[in-house]
Every structure is written in C-alpha cells, then in structure tokens.
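Notes for the one structure printed next.
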Amino acid sequence: MAYPKVLAVLNGDETDQAVLSQGADMVRPVKGRLYAVYVITVDRALPVDAEVGPAAARGEQILMNAETFVQLPRGDFEAQLLQARELGPAVVREAAERGVDAVVIGTSCPRDYGRFSLGEDVPYVLEHARCLVVLWREPPAKGQGRQNRSGSRSTGGRQSAGILSGV
C-alpha cells in the first residue's frame, strides 16, 4: 500500500510507534508526506483555544518523539498539535483539509463496563472519514483477554491491524 499523503493520529500510548511506522511505510514508496497530529480535547467549560499548559507540553513532547522515531527525509514529515472539543471530528476535519489519502489511528484494548469498546472517537473516524482508514489495535494486556467457551483466556495475536475504508 503506497499513498502520497497519510495522516497519523497520535494519542500518547503504546500504539503511537506502530501508527507512525504504518504511516511511514505507506508514504515511503512514493516519497509521500506523513502528517502526525496530537489532539488535545478541551473541556466544554473552557474556550476551545484556552491555554492548556500541561496538556500542550505533553502533546509537544509526543510530537517531538514522533519526529525522532519516524526517520523520514526532511520535508516528508509534519507534526501538529490541535485543540478541539472531540478527537474524532478534529481528525476527520484535518484529513479533509489536508486532502490525505489515508488516516492511521490506533487503539489499545479499551474496556467500557468490562466489555471491549472503541469509545466514540474511533467509530466517528471510521464512519465519517472520506479516505482509507487503517485501524491499529494493540493486543490486550496479559490477563485481560476475553474468555472463550472453554473458560480459558484468549489474548489474541501479538498485534493486529485492520484496514477499513471510508466512503
């Protein structure tokens, strides 16, 4: 898979390196451009452009780490910090504004009330992005796999990536 423009969504967890690697692998064959974004979600009680010191510092550090990790030629990688009310709409808007061919987004194995859940942001991106969406899911932590019918725990594969396209 080679795409001229790819947006990698970073969230500061263990999926970031895989998301960056996948994005870089997608642009490298065509000497394309990889955009990385980290979205700070701002509480509705504050203005969307409010000063969010600690969150901004964390985001800047994540983006600096990404620049070091990605190893693409200068000019082929751009990192940006965004502030928005919700991550999903911000990612979809950024993808549309940049005219990217694909979005790579990662998730660990989230749990909501004891059940696997992708939350609200990932499904929003999957539904609304007008380009290819690559979803990178990390395997569950030891002891957090789902139980199968025999009662033993299944932790799945080491890592998995699903490719889903937006319409």
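The values are calculated or read from the model by the stated rules, or taken from the named source; none is laboratory data. It should be emphasised that the depicted structure is a prediction, and the values quoted were computed from it without experimental measurement. Methodologically, a virtual Cβ is constructed for each residue, glycine included, from the backbone with ideal geometry; neighbour enumeration extends over all protein chains shown.
Listed values, structure above:
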read-out	value
Neighbours by Cβ (under 6 Å, 6+ apart or cross-chain): first from the range 66-89, farther than 21 Å from His128 by Cα; second among the charged types (D, E, K, R)	Asp76/Arg33; Ala79/Glu67
Unique residue being surrounded by fewer than 19 Cβ atoms within 10 Å (Cβ to Cβ), within 21 Å of Val125 (Cα to Cα) and among the hydrophobic types (A, V, I, L, M, F, W, C) when the list is Ala102, Ala96, Ala24	Ala96
Total residues in the range 1-10, condition surrounded by 18 or more Cβ atoms within 10 Å (Cβ to Cβ) and either under 18 Å from Gln61 (Cα atoms) or modelled with pLDDT under 95 (or both)	3
The lone exception for Ala66 - which of (1) crowded, with 19+ Cβ neighbours inside 10 Å; (2) closer than 12 Å to Val39 by Cβ; (3) not aromatic (Phe, Trp, Tyr) it fails	(2)
Members of the range 39-91 found to be hydroxyl-bearing (Ser, Thr, Tyr) and over 27 Å from Leu126 (Cα atoms), listed by number	Thr68
Per-region count, the range 14-37, residues under 15 Å from Asp76 (Cα atoms) and touching a helix residue (DSSP H, G or I) at 6+ places or on another chain (Cβ under 9 Å)	10
Any hit, the range 65-84, residues being within 19 Å of Asp13 (Cβ to Cβ) and touching a Ser or Thr at 6+ places or on another chain (Cβ under 7 Å)	yes
Among (1) of a type outside the set (D, E, K, R); (2) assigned to a helix (DSSP H, G or I); (3) farther than 20 Å from Arg137 by Cα - the single one Pro47 does not satisfy	(2)
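The rows are residues; the columns are (1) touching a residue at least 40 places away in the same chain (Cβ under 8 Å); (2) out of contact with any Ser or Thr (no Cβ under 7 Å at 6 or more places or on another chain); (3) closer than 14 Å to Ala102 by Cα; (4) of a type in the set (S, T, N, Q).
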| site | (1), (2), (3), (4) |
| --- | --- |
| Ala8 | yes, yes, yes, no |
| Asp13 | yes, no, no, no |
| Ala24 | yes, yes, yes, no |
| Leu46 | no, yes, no, no |
| Ala55 | no, yes, no, no |
| Arg58 | yes, yes, no, no |
